Amino acid sequence: MSSLSSLPALHHVRPAPGEAVPATRGIPRVLAIAGSDPSGGAGIQADLKSIAATGGYGMAAITALTAQNTRGVSAVHVPPAEFLAAQLAAVSDDIAVDAVKIGMLGDAQVIAAVRTWLEKVRPGVVVLDPVMVATSGDRLLQESAEAALRELLPLADLITPNLAELAMLLGEPEAATWPDALEQGKRLAAETGATVLVKGGHLYGADCPDALVNTGGALSADVVVVDGERVPTRNSHGTGCSLSSAMATAQARLGDWELSLRTVKPWLEEALRSSGQLEVGHGNGPVHHFHHLVSTGAAPEGSFADVLHAEAAADLDEIYGLGFIRGLAEGTLPENEFAYYLAQDAIYLNGYSRVLARASALAPTEAEQLFWARSAQQCLEVESELHRSWLSTRSVLPELGPVTKAYVDHLLAASASGSYAVLVAAVLPCFWLYAEVGETLHAEFLDAGAPEGHPYAEWLRTYADEGFAEATRQAIGIADAAGRAASDEERSRMLTAFRQSSRYEVEFFDAPRLHS
């Protein structure tokens, strides 16, 4: 395989009215417009942590100053709306804003300033968290400003009220059941034309579902429910702020509300689950935004990669014993089996490239985004070369085989899971096992004196490419870091995905024999 090529520079282009907004390539620039929390758990402070934790560059325009802690809010100061307008203009005059999260607004003048700015700048993603009442029960929006807030809702792409706020926006009693909450979400979506994120966190029971609701057809269905488990903790300070800003960031990266929710929800659940590690305050403490970057076991670099390699050992041994591999190394492999293998490889690489592109979209750093994007490009180049140099000259019709279909379906399922770590583990065997097998076969070829007339000599030589070896090392390093930072539950899911892909590698190499 040839070395990885570079991608052209990508530039931000602001969409025209009504134009579909593509996912942002690179790190999305996300502006939070909200009030501050000096205790750090909610408001702007939670927004900036969430944006950073989910892969964005955070910016902030302050709408209000609060005196609060984990026990409650004791005072609120709203600076002049003209100063907020100056903050917003200063940011957008210089920086392209990929997404906006709107939180606490305070009064009608502040809301008017935000509305004027939104209508002028038209950011690609607007998430509005209608902060009206804090978790502690403190009112954060003047009653006289509620009408102005309702008028702002149609400018949002996503609205994320808690159940009390959802009821207040509709002028109805608060929903006591999940079906009632969904019905209220439908009514608000119909009134505003926006997608509404209905949250089940304030209901009772072991389950904690969330749902995306849009009766105007912006989703694949009117209601998309994402199930979840309730995390038993009192540390829920700033949960709504964190969720909404993370959704704005994820949507700017992924361009799909359902995928964004399926990405953000597991992160937030683990932030709640690990919140006790922070030991902040004596009331409702904050969530642990950066739980995925802190490994409580302080696992050393390479430790998770060692676990994965051990998992693949038996599959590697089995691959080396396959008739296809022995025949390829010795030059005795029937040409029809090799042709079938190449035809399936071409189909596989096409699907694999799409999965790698999804890994690029989910990646938390620009370096990883570029790595997966370049790898996806390389897959398409190799597929094209297979057709030009080998398959087209032998009239091989690449029909989808059962193993190829099962393998690609498995990878696509991993890409839809919303977990970057699980997806990285799923795609790794195609790098790692392929590289190890190739290196071994090439070494055997050289040990045999690189005999002339070997029918697959050119193919075996491609295994010596240093570009692919370096790409494999990078993929292993990314998976190792993801595994060391993951929770025990996610590491288990990573291992399962890795094992399944390793098994498909064995079956893929054995498929030509079964087909012949």
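The table that follows gives values for the structure above.
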read-out	value
Rg/Rh (Cα only; Kirkwood hydrodynamic radius) as it applies to the stretch 32-144	0.95
With at most 14 neighbouring Cβ atoms within 10 Å, loop GluC sites (Glu not before Pro) (DSSP) excluded, longest segment of the chain	20-278
Enclosed volume per residue, in Å³, of the convex hull spanned by Cα atoms of the chain	153
Tail fraction, Cα-Cα pairs, the stretch 427-516, threshold 17 Å, whole percent	60
At least 27 Å along the helix axis (C-alpha) and Kyte average at least 1.0, DSSP helices within the chain	420-447
Base-10 log of normalised Debye intensity for the stretch 179-296 (one unit scatterer per alpha-carbon) at q = 0.21 Å⁻¹	-1.21
Average accessible area per residue (Å²) across the chain - probe 1.4 Å, nucleic acids and ligands excluded	42
Fraction of beta bridges assigned by DSSP in the chain that are antiparallel (%, nearest 5)	45
Förster radius 41 Å - calculated FRET efficiency between residue 447 and residue 413 (Cβ-Cβ, nearest 0.05)	0.50
Point-to-point label distance, residue 309-residue 365, nm (Cα→Cβ direction, 7 Å offset)	2.1
Gain upon complete extension [residue 439, residue 77; 0.36 nm per residue less C-alpha separation]	123.7 nm
Centre separation in Å (Cα based) which lies between the stretch 441-516 and the stretch 245-271	31
Computed E for residue 279/residue 183 - FRET, C-beta separation, R0 25 angstrom, nearest 0.05	0.05
Inter-label distance, nm, simple model (7 Å from Cα along the C-beta direction), residue 172/residue 190	0.9
Computed Kirkwood radius, in angstrom, where 1/r is averaged over Cα pairs of the stretch 231-367	19.5
Nitroxide proxy distance, nm - points 7 Å out along Cα→Cβ at residue 204 and residue 350	5.5
Within straight-line cross-link reach of residue 186, lysines at Cα separation under 28 Å, skipping those fewer than 8 residues along the same chain	101, 199, 265
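The values are calculated or read from the model by the stated rules, or taken from the named source; none is laboratory data. Please read all numbers here as calculations on a predicted model, not as lab measurements. No Cβ is skipped: glycine too gets one built from the backbone with ideal geometry, and neighbour counts run over all protein chains shown. Accessible surface areas use protein heavy atoms only, side chains included; no ligands, DNA or RNA. Shrake-Rupley method; radii C 1.70, N 1.55, O 1.52, S 1.80 Å.
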